[in-house]
1. Taking neighbour Cβ counts within 10 Å as the exposure measure, how do 45, 76, 122 sort from fewest upward?
2. Of all beta bridges DSSP finds with both residues in the chain, what is the antiparallel percent, to the nearest 5?
3. Which of the GluC sites (Glu not before Pro) across region 46-114 are loop residues per DSSP, with 10 or fewer other Cβ within 10 Å?
4. For residue 156 and residue 91, compute 0.36 nm times the residue count separating them, minus their Cα-Cα distance, and round to one decimal in nm.
5. For 192, 176, which order do you get if you count the other beta carbons within 10 Å of each Cβ and list the fewest first?
6. What nm distance separates the two modelled labels at residue 167 and residue 197, each placed 7 Å from Cα along Cα→Cβ?
7. How much length would be gained if the chain were fully extended between residue 227 and residue 149, taking 0.36 nm per residue of separation minus their Cα-Cα distance, in nm to one decimal?
8. Under the Karplus relation 6.51 cos²θ - 1.76 cosθ + 1.60, θ = phi - 60°, what is the ordered set of whole-Hz ³J(HN,Hα) values for region 4-16, x standing for Gly and Pro?
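We did not get these values from a lab; they are worked out from the coordinates using the rules stated. In this text the structure is predicted, and so the values were computed from the model without any measurement. Here Cβ is always computed from backbone atoms with ideal geometry, including for glycine, and neighbour counts include all displayed protein chains.
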Amino acid sequence: MVQRTGRRVLTVDARNHGDSPHSPDASYEAMSQDLQGLLPQLGLVPCVLIGHSMGGKTAMLLALQRPDVVERLVAVDISPVGTTPGSYLGHFIAAMKAVEIPEKVPHSQARKLADKQLSSIVKEASIRQFLLTNLVEVDGRFSWRVNLDSLAQHLDKILTFPQQLESYSGPTLFLRGGNSPYVQPSHHSEIRRLFPQAQIQTVPNAGHWVHSDKPQDFMGAITTFLA
């Protein structure tokens, strides 16, 4: 992306996700506050904000709360409307929590064991591979890097979007997967209310993980939007 856009690109490790601290507060308000503290520290104000799914909701909320911080906004396969298809997340979290791996096995074997145990619930191999990137070893024991307990506890809030009155008038791209049910035509009026400059674009033959399913089309859409 750096070569294609000529821009410095940083990936934010959100709370309760990767190596960032775990917290009992998994709300979008908290994640927006995290970014409001981080971006000025890095000298990235204003910036182009790109977020997928939960990250997209965090990015939308930040743009609505602090439009001065966001030069342009890209929300990938998510809308500012409650997400009913996301109910599968609860099943994924439960499946991940149920995984049991013996101590002291090699990492490659641990991944295979976890993959096999996940496969009864998570049918798509590509999604299992994505989930397995969160499997880490600490002192011979395997666990998930994501804070599953906090995500499970806040799932109802995660599947909604905080009610907002103010709009964001900056350039905005909603990039949806053609095979994904996340951004529905019924959401368009709320998208236009909150993001009056929004473009809504579909990537054909992509599911919810647009950037993984169709990376070239994803990059093409982003670079055209930033041009």
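1. Starting with the residue having the fewest Cβ neighbours, the order is 45, 122, 76.
2. Numbers: 4 of 20 bridges.
Among the beta bridges of the chain, antiparallel pairing accounts for roughly 20 percent.
3. 100, 103
4. Values: separation 65, 0.36 × 65 = 23.40 nm, distance 1.33 nm.
Full extension from residue 156 to residue 91 adds 22.1 nm.
5. Ascending number of Cβ neighbours within 10 Å: 192, 176.
6. 1.2
7. Working it through step by step, the gained length comes to 24.0 nm.
8. 6, 9, x, 10, 6, 10, 10, 9, 8, 8, 5, 3, 6
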